Amino acid sequence: MQIVRRVLVTGAGGFIGHHLVKDLRRRGYWVRGVDLDPPEYEPSAADEFQVGDLRRWEDAIAACEGVEAVYALAADMGGMGFISAHHAQILHNNSLINLHTLEAARQAGVSRYLYTSSACVYPEYRQNETNVAPLREEDAYPAQPQDAYGWEKLLTERLCTHYRDDYGLQTRIVRFHNIFGPLGTWMGGREKAPAALCRKIAIARLTGNPEVEIWGDGEQTRSFCYIDDCLEGLRRLMDSEYSEPLNLGQDRMVTINELADIIAGVAGIQIRKVHVPGPQGVRGRNSDNTRLRQVLGWQPAISLEEGLARTYAWIEGQVAAALGSPVATYTR
Ligand code: NAD
């Protein structure tokens, strides 16, 4: 196994990138982070943090200089509300980010490159029911991702494969399935379902109003993976010799209504769900972890209840602090 010591994390100001920087530093790597902005909730642990825009070629070159491995996480993204309403922006920005970062890495002589793709690459026609079959990696084709976000992810997966075949860059491709945890966006429009529900339930608990809005009928299904498992999977995949796309997520499927009930249980309150119109994404989605187990000899182990307990505690603290502030305003 090749020993890599100097690494770049793109998107290091974001949720997973910030946790990844901390994890890599703990494990003894020299880490450079790059992002449009530093992390929002605590300082970055990176040895060097570049504020940069990877849509700009010069910033991509500067970011990749002198590193041996790249974890490519930078993306213009958010939860369903965001990715279903910003197709042109997402396709434009993320294409530029990934075209530049991959080519800059090649020119800088980077030996390993891990690209963070998404379960959003899977075709809509396999996700039309709540009780769907778990998605295997080969199910991505024939391609019909739901949104521009998914199409761009699929294109960059192909780009990674061609850079491997044509230029010898060792690429790794991970398809995340709904990663959640503390220190992630929890309000403002880009937050995902677990964080949004933790926020709404924290507001319910702190204000005594039990009504919690859920987009759609709440019967849409997903699986959710806690951040610490995500970091373990990333480490194992980067160190592996496997270069095809690999799912990384939990394979326990729950409805959004069930997710809300688990969080309400963690918060220790009864809630009244109010179903309202809103973007729901595909009807059902789950990860098939057969290949994950084969390739990495491991699978995510932290239970949804445990992960949500840790996440809820952090988000309730954020909500309480903001509610106590005279400038904070909330919409449910
Ligand atoms: P995030 O939004 O918290 O982090 C992404 C970071 O990229 C942000 O900090 C953002 O500022 C940065 N960024 C955006 N445009 C940039 C630019 N032009 N130049 C430099 N940086 C830029 O998202 P995350 O949840 O940490 O996701 C990390 C990666 O994993 C993304 O590629 C995302 O698509 C992928 N992913 C995440 C999930 C999930 O459940 N969180 C699921 C599937 C895929």
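Would you work out the relative contact order for the chain, in percent, from Cα pairs under 8 angstrom that are 6 or more residues apart? Spell out each step's value before the answer.
Numbers: 684 pairs, mean separation 57.7, N = 332.
This gives 17 percent for the chain.
For segment 26-160, the Cβ-based charge dipole about the Cα centre amounts to some 340 debye (Lys, Arg positive; Asp, Glu negative; other atoms uncharged). Helix 87-107 versus the longest principal axis of the chain: what is the Cα-based angle in degrees, 0 to 90, to the nearest 10? It is inclined by approximately 30 degrees.
Taking a point 7 Å from the Cα of Ala85 along the Cα-to-Cβ direction, the residues of segment 149-176 with backbone N closer than 19 Å to it are 149-150.
Lysine pairs in the chain 8 or more apart or on different chains: how many have alpha carbons under 26 angstrom apart? Please report the intermediate quantities before stating the final value.
On the way: Lys22/Lys153; Lys22/Lys192; Lys153/Lys192; Lys192/Lys200; Lys192/Lys273; Lys200/Lys273.
Count of close lysine pairs: 6.
Against the longest alpha carbon principal axis of the chain, how many degrees, from 0 to 90 and to the nearest 10, is the axis of helix 193-207 turned? It works out to around 30 degrees. Taking the longest Cα principal axis of the chain as reference, the axis of helix 256-267 is set at about 70 degrees. With an a/c value of 1.5 or above and a/b larger than b/c for the gyration tensor axes a ≥ b ≥ c computed over the alpha-carbon atoms, segment 164-302 is described as prolate. Segment 53-85 to segment 258-319: how many Å between their Cα centroids? Each part's Cα centre sits 26 Å from the other's. Put in line by how crowded their Cβ is, counting other Cβ atoms within 10 Å and starting with the fewest, Asp53, Asp147 read Asp53, Asp147.
Each label point was placed 7 Å from the Cα along the Cα-to-Cβ direction; for Tyr41 and Asp288 their separation is 3.4 nm. Segment 221-255 and segment 182-201 have Cα centres separated by 20 Å. Summed over qualifying helices (DSSP H, 4 residues or more, each -39500 (n - 2.57)) and divided by its residue number, the chain shows a 222 nm mean residue ellipticity of -12500 deg cm²/dmol. Rounded to the nearest 20, the Cβ-based charge dipole of segment 187-241 about its Cα centre (Lys and Arg +1, Asp and Glu -1) stands at 240 debye.
Counting every other Cβ atom within 10 Å of each residue's Cβ, Thr156, Thr207 order from fewest to most as Thr207, Thr156.
Applying a DSSP loop filter and a limit of 13 other Cβ atoms within 10 Å to the trypsin sites (Lys or Arg not before Pro) in segment 1-78 leaves Arg5, Arg27, Arg56. Taking other Cβ within 10 Å of each residue's Cβ, how do Lys153, Lys200 sort, fewest first? In increasing order of surrounding Cβ atoms, one gets Lys200, Lys153. Taking every alpha-carbon pair under 8 Å whose residues sit at least 6 apart, segment 174-332 reaches a relative contact order of 36 percent. As a calculated quantity, the FRET efficiency between Glu129 and Glu48 at R0 = 45 Å, using C-beta atoms, amounts to about 0.40.
Projecting label points 7 angstrom from Cα along Cα→Cβ for Ala321 and Asp165 puts them 4.9 nm apart.
The charge dipole of the chain, taken about the Cα centre with unit charges on the Cβ atoms of Lys, Arg (+1) and Asp, Glu (-1), comes to about 360 debye, rounded to the nearest 20. Each part gets one Cα centre, and for segment 14-30 versus segment 89-140 those centres are 21 Å apart. Under the combined filter of DSSP loop state and at most 14 neighbouring Cβ atoms within 10 Å, segment 219-257 retains these GluC sites (Glu not before Pro): Glu241. Ranked by the mean number of other Cβ atoms within 10 Å of their residues, highest first, the peptides 68-81, 123-136, 105-118 fall in the order 68-81, 105-118, 123-136.
Bear in mind that the values in this text are calculations on the coordinates, not laboratory data. Bear in mind that the values here come from a model prediction, so they are computed numbers and not experimental data. In this analysis, Cβ positions are derived from the backbone assuming ideal geometry, glycine residues included, and neighbour counts consider all displayed protein chains.
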